[in-house]
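Peer 1: Could you have a look at this structure, given as structure tokens, before my questions?
The values are calculated or read from the model by the stated rules, or taken from the named source; none is laboratory data. Just so you know, these numbers come straight off a predicted model, no measurement behind them. For accessibility, only protein heavy atoms count, side chains too; no ligands or nucleic acids. Shrake-Rupley method; radii C 1.70, N 1.55, O 1.52, S 1.80 Å.
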Amino acid sequence: MADEVLIEVADHVATITLNRPDAMNAMNPELSAGLTDAFRRVDTDDDIRVAILTGNGRAFCAGADLRGGSPGSRGNAPGDFMSTPESERLWGGDIRKPVIGAVNGYCLGGGFELAMNCDLLIASNAAQFALPEITLGFYPLAGAPMRLPRAIPRAFANEMMFLGQRIDAETALRYGIVSRVVPADQLLETANEMAATIAGYAPVAVRGLKEITIAQADM
């Protein structure tokens with residue numbers, strides 16, 4: 001497992017932490033590989049019943065690391081990190097166990113798209129969300145144009161994508177992007193309480209529910 005992604009497992013709950021705090025947990029090949037490895041473990045380890053995904057530092061994930069290339073160029077766009085069918089499936093949320101996204105700070109671009117693939121999404125009151133790609137000369141490349149208008153009112157989804165402006169956690173709650181907003185120092189506690197509740201249910205039932213939620217998404 002790469003140092004860019006940490007995973008801890010306790011009481012049937014895996015906590016995955018994006019760990020590039022100096023770069024606001026921006027995606028690079030090492031973080032991508034580490035995240036794919038972590039998701040693979042969640043998917044295949046029968047001792048894990050639910051996962052929490054969060055970030056270290058001021059950000060959940062600030063999207064693709066654009067240093068060393070122009071925005072949207074091949075090799076540094078979020079979609080480029082999903083380089084295999086397996087990584088595309090896992091990053092897209094097609095995992096047998098539910099994933100709780102705990103957004104601790106900036107959740108931007110590809111990081112926002114990653115968060116949208118979580119089954120449950122909560123945020124600290126310090127979180128900020130945006131799809132700023134249009135301001136950089138390209139557009140969201142990892143699913144937002146398809147997923148976001150299906151998840152929230154189309155008019156607001158289009159405003160987020162075409163204006164590229166940030167919204168705060170309370171606005172995200174109002175439009176249904178997240179289900180809860182809690183004080184920053186209670187975020188992981190809340191996520192762990194949710195995870196413990198899910199882990200206490202029958203694993204077969206939880207997995208069956210997850211399969212149904214995946215299957216209906218494109219119906």
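Peer 1: Give me the extension gain from D45 to N125: residue separation times 0.36 nm, minus the current Cα-Cα distance, reported in nm with one decimal.
Peer 2: On the way: separation 80, 0.36 × 80 = 28.80 nm, distance 3.28 nm.
Extending this stretch completely gives an extra 25.5 nm.
Peer 1: Could you work out the equivalent-ellipsoid semi-axes for the chain, taking the square root of 5 times each eigenvalue of the Cα gyration tensor, largest first, in whole Å?
Peer 2: Details: eigenvalues 122, 75, 61 Å².
That gives 25, 19, 17 Å for the three semi-axes.
Peer 1: For the chain, what is the percent of antiparallel DSSP beta bridges, rounded to the nearest 5? Could you put the intermediate results ahead of the total?
Peer 2: On the way: 8 of 30 bridges.
Of all bridge pairs located within the chain, approximately 25 percent are antiparallel.
Peer 1: Then there is this: Please calculate how many Å² of accessible area the chain carries per residue, with a 1.4 Å probe and no DNA, RNA or ligand atoms counted.
Peer 2: Values: 10370 Å² over 219 residues.
Roughly 47 Å² per residue, with all protein chains present.
Peer 1: Please tell me the relative contact order of the chain in percent, rounded to the nearest whole number, where contacts are Cα pairs under 8 Å and at least six residues apart. Mind showing how you got there, number by number?
Peer 2: Details: 438 pairs, mean separation 41.2, N = 219.
With pairs under 8 Å counted, the relative contact order is 19 percent.
Peer 1: Moving on to the next point. Going by Cα centres, the range 14-43 and the range 170-219 are how many Å apart?
Peer 2: Comparing the Cα centres of the range 14-43 and the range 170-219, I get a distance of 19 Å.
Peer 1: Carbon and sulfur atoms: what percent of the 1.4 Å accessible area of the chain do they account for?
Peer 2: Values: 5380 of 10370 Å².
Ligands and nucleic acids excluded, carbon and sulfur give 52 percent.
Peer 1: In deg cm²/dmol and to the nearest 500, what is the mean residue ellipticity at 222 nm of the chain if only DSSP H runs of at least 4 residues count, each as -39500 (n - 2.57), divided by the residue total?
Peer 2: Values: 9 runs with 84 residues, N = 219.
Counting only the DSSP helices, I get -11000 deg cm²/dmol.
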